[in-house]
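Shown next, in structure tokens, is the structure this report addresses.
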Amino acid sequence: MTNWIDSGGDEPRLYSARSTNCKSENRRTGSTTRWRRVASLACVLALIAPLGHARDRGQFVNTNADLKAWFDSLRSGKGPCCSDADGSALSDTDWESKDGHYRVRVPRYGYALDGQKQELVWIDVPEEAVISEPNRVGRTMVWPIYGYTGVTIRCFMPGSMT
């Protein structure tokens, strides 16, 4: 304690005893702030990127032009369903109707896990996702969206359930 008292511990001092170069400190702070902004932007993009992925595997190249145009024009209350390439056909065991509500069984993730078989989960179809116009292909189709909160249904078109 004597060192503190001997060094003038009770005397008022300037804010900083060391000399500062404001320009160099601002530059260092600006660089840190810039990297934080870049990192936070990268995190946001990583979270949003899976929401809008469309895929065209070329499986509908030889489809009838009228049928393709019809698929491209499909809309639910949640917006456009994209096209047939974005939807998946469901077998009768992968969807059900109860009390006027639908539920579908789809893969939990939108990607394959190192060749492992995907776990299928039951998802309730929101009322606004059901396509109300007649089904021109006869098969049940679903347009799932995979995001950081899980899987949701963008569009659902019930089939004949035979």
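What follows is calculated from the coordinates using simple rules that are stated; it is not laboratory data. Owing to the predicted nature of the structure, the values given are computational and were not obtained by experimental measurement.
Distances between every pair of Cα atoms in segment 94-157, grouped in 10 Å steps from 0 to the bin holding the largest one, split as 20, 50, 24, 5 percent. Taking every pair of distinct Cα atoms and averaging 1/r, then inverting, what Kirkwood hydrodynamic radius in Å comes out for segment 59-130? Result for segment 59-130, one decimal place: 14.3 Å.
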